[in-house]
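Quick note: the coordinates plus some simple rules give every number you see, no bench work behind them. Keep in mind that what you see is a predicted model, and the values were worked out from it rather than measured. Methodologically, a virtual Cβ is constructed for each residue, glycine included, from the backbone with ideal geometry; neighbour enumeration extends over all protein chains shown.
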Amino acid sequence: MNLKEQVGKKAVEFIKEGMVVGLGTGSTVYYFIHELAKKIKEGLNVELVSTSVQSINLAKSLGLEVKDIEEVSCIDISVDGVDEIDKNFNAIKGGGAALFREKIVADISNHVVWIYDEKKDVEKIGAFDLPVEILPFAYNHTIKKMEDLHLNPKLRHKEGKILVTDNSNYIVDLALGEGFNIEEVKKKLSTIVGVVEDGLFINMCKHCIKGTEQGAIIIENHNYKRK
Ligand code: 5RP
């Protein structure tokens, strides 16, 4: 079993009867959704919401119903992947361009679980470029502001075209380097009008499940405080 599959399957142990479950996005969550679909077919009764069209389509292809986020009054638990995570539970997300919905779903959720293979575990985040969702309107000006602030932006493309998110926005990837100053970058981004959201997820999860060759490890974040 590969490590993504290992943690995706393990995460289903957190899902209990009657819960509203937020589905994350990506190749690790893919296994979680498959395993959850099995449990639902065996009789588990849960309601689902999603962080992306990709995950909605996957869930639907497995015969699951996905509710619109406005149809639920709360989210009991959400399970999502990360691109990088440090020991203080600071993570970079958005490699799959779903960071905006992922952040809203994480923010609303009573319990956030991140699943990843051990390669995502880093001493300091930043080797992975930080994704930032921006408005298409005046995007070249937004990017220029980022350049002026030394954030090293690069507009994301897919198949030769500008990548468009599920929210009809664009993604800019910032090459900041390992160990960048998180507070400073957050402050700079907050001054740029066209920025919708960034892929910095600071201390937002209660549990992590890390895939290792020795098996899946559940890590509790003791410093997590629900807002
Ligand atoms: C999508 C994300 C994903 O959770 C992140 O990119 C991890 O993906 P994968 O499990 O495919 O490595 O943030 O926007």
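Some observations on this one:
- Ranked by how many other beta carbons lie within 10 Å on average, peptides 211-221, 129-139, 146-156, 107-117 from highest: 107-117, 129-139, 146-156, 211-221
- 11 Å reach of a label modelled at Asn203, 7 Å along Cα-to-Cβ, counting backbone N of the range 113-155: none
- The convex hull built on the alpha-carbon positions of the chain has an orientation-averaged projected area of 12.7 nm².
- Restricting the calculation to Cα atoms, every distinct pair contributes to the Kirkwood radius of the range 24-76, found to be 11.4 Å.
- Spatially near lysine pairs across the range 163-227, Cα under 24 Å, sequence gap of 8 or more or different chains: 9
- Relative contact order (%) - criterion: Cα under 8 Å, at least six apart; region: the chain: 22 percent
- Cα centre as origin, Lys/Arg/Asp/Glu Cβ charges: the range 140-227 dipole, Debye: 280 debye
- Calculated mean residue ellipticity, 222 nm, the chain: -8000 deg cm²/dmol, from DSSP H runs (n ≥ 4) at -39500 (n - 2.57) each, averaged per residue and rounded to 500.
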